[in-house]
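In what follows, a single structure is set out as C-alpha cells and then discussed.
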Amino acid sequence: MRPFILIDLPFVPEPAMNDTQLLRYSRHILLDEIGIEGQQRVLASHAVIVGTGGLGSPAALYLAAAGVGKITLVDDDRVDLTNLQRQILHTTSRIGMAKTGSAQIALGQINPEVEVVAITERVDGERLYSLLANASVALDCSDNFATRHALNRACVQRQVPLVSGAAIRFDGQISVFDARDTDAPCYACLFPPHQQFEEASCASMGVFAPLVGIIGAMQAAEALKLVIGIQPSLAGRLLLLDARSMEWSSIGIRRNVACAVCGTAHAPD
Ligand SMILES: [Zn+2]
C-alpha cells in the first residue's frame, strides 16, 4: 500500500454550529476522526454528483443526511418505472419527473439545510469544468464511458478529487482518483480514453438492486473522508465486489506517466 499522505485542507471559518445542528450531527461529532471541526468541514463542502440513478441515489442521500453544505446534481434523465427497483431517491408518484427535481425533493425532506442545485442537462467537458468551480469532491455515478472520461478530465484540470463507482449485474467497483496528489492515478490511467471498452448498461444487462446501494454508499463514505481529511482514501486502489459470493478484491493502480489526461497535468509550464 502507498504511504499515508496528509493533505492540507483549507481552514474552515465560523459560523459555529447552532444547537439544532449540534444535535443533528452529534453522532458524527462524537467520532474522534470527525469532531466539531470535521463536521464544519462537511457543512462547508460542495459535492458534485454526476448521475442520480442507482449509485447517485444512496450517495446523495448519505451526503445530504451528513450535512454536506451544497450538493450539485447533474442528470438529464426522467424517472421511469424501471428505475424504481434500485434508484431509491425516486418514488412511484414521481415517475415522469426530472430525476434531479425528484432528488431535490428527497434530499430536502432528509435535510432542508442542504443547498441542492439541479442541473437537468446532458453535460460535456466544458460544462463540467465550470460546474466543478469551488467543488470539494466529485462523484461519478454515471453509466457511460463518455461522461466518466469527461468528468475525470475536468477533475484533473480543477484538481478536484473524484470518487468513481460502477455496478452492473452482480459486479461492482469503486476507487478514488485524487488529482491533488501528484502520485495518484486518474481514471484515464486505469481506462485509457483511446481504448475501446465494451459499454455495458443496466438496461441491457440488468443489475442487482442492493449492489448499487453498497457501491453508492461507499462512494458517499469516501467523499466524506476526502472533505474531512480522513486518510487513507481509496486513491491508488480499485476495489472489486462480486456480490454473488460477496467477495471483495483489491487491485493497486499506478499513475501512468504517459496518461493522456494527467500525464502532464503536474508538469511545470
Ligand atoms: Zn491519468
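Each reported figure results from applying straightforward, stated rules to the coordinates on display, with no laboratory input. Only a predicted model underlies this, so the values are computations on that prediction, with no experimental measurement involved. A quick note on method: Cβ atoms are made from the backbone with ideal geometry, for glycine too, and the neighbour counts reach across all protein chains shown.
A few notes on this one:
- Residues whose placed amide H lies under 5 Å from that of ARG237, excluding near-sequence neighbours: VAL176, ILE253
- The residues neighbouring ALA179, those whose beta-carbon lies less than 12 Å from its own, together hold a net charge of +1 under the Lys/Arg +1, Asp/Glu -1 convention.
- Under-5 Å amide H pairs with GLY54, H placed in peptide plane, nonlocal only: none
- Value of relative contact order over the chain, rounded to a whole percent, pairs C-alpha under 8 Å and six or more apart: 19
- Neighbour-count ranking [beta-carbon atoms within 10 angstrom, fewest first] of ASP32, ASP124, ASP143, ASP77: ASP32, ASP124, ASP77, ASP143
- Short to long, the 10 Å bins of the Cα pair-distance histogram for the chain hold 7, 31, 37, 21, 4, 0 percent of all pairs.
- Whole-Å semi-axes of the ellipsoid equivalent to the stretch 88-198 (Cα gyration tensor, √5λ, descending): 26, 18, 14
- Computed over the Cα atoms of the stretch 30-171, pair by distinct pair, the Kirkwood hydrodynamic radius stands at 15.3 angstrom.
- Three-way shape call for the stretch 138-180 based on the alpha-carbon gyration tensor, with the a/c threshold at 1.5: oblate
- Estimated FRET transfer efficiency (ARG122, ARG169; beta-carbon r; R0 25 Å; 0.05): 0.50
- Among LEU238, LEU31, LEU55, the largest mean-square fluctuation in a Gaussian network model of the chain (Cα springs under 10 Å) belongs to LEU31.
- Less than 5 angstrom separates the built amide H of THR72 from those of ALA47, VAL48, ILE49, VAL117, all sequence-distant by 5 or more or on a different chain.
- Where labels lie 7 Å past Cα in the beta-carbon direction, separation of ALA260 and ASP183 in nm: 2.8
- Phi to ³J(HN,Hα) by Karplus 6.51 cos²θ - 1.76 cosθ + 1.60 over the stretch 248-261, Hz, x for Gly, Pro: 9, 10, 10, 10, x, 10, 9, 5, 9, 4, 9, 4, 5, 9
- Across the stretch 16-22, computed HN-Hα scalar couplings (Karplus, 6.51 cos²θ - 1.76 cosθ + 1.60, θ = phi - 60°) run 6, 6, 7, 4, 5, 5, 4 Hz from first to last residue, x flagging Gly and Pro.
- Cleavage-rule hits, trypsin sites (Lys or Arg not before Pro), the stretch 102-179, DSSP coil, Cβ neighbours within 10 Å at most 12: ARG122
- What the Cβ-Cβ distance of GLU199 and ASP19 gives, at R0 = 41 Å and to the nearest 0.05, is a FRET efficiency of 0.25.
- Scanning the chain for chymotrypsin sites (Phe, Trp or Tyr not before Pro) lying in DSSP loops with no more than 11 further Cβ atoms inside 10 Å, the longest uninterrupted stretch between such sites is 12-196.
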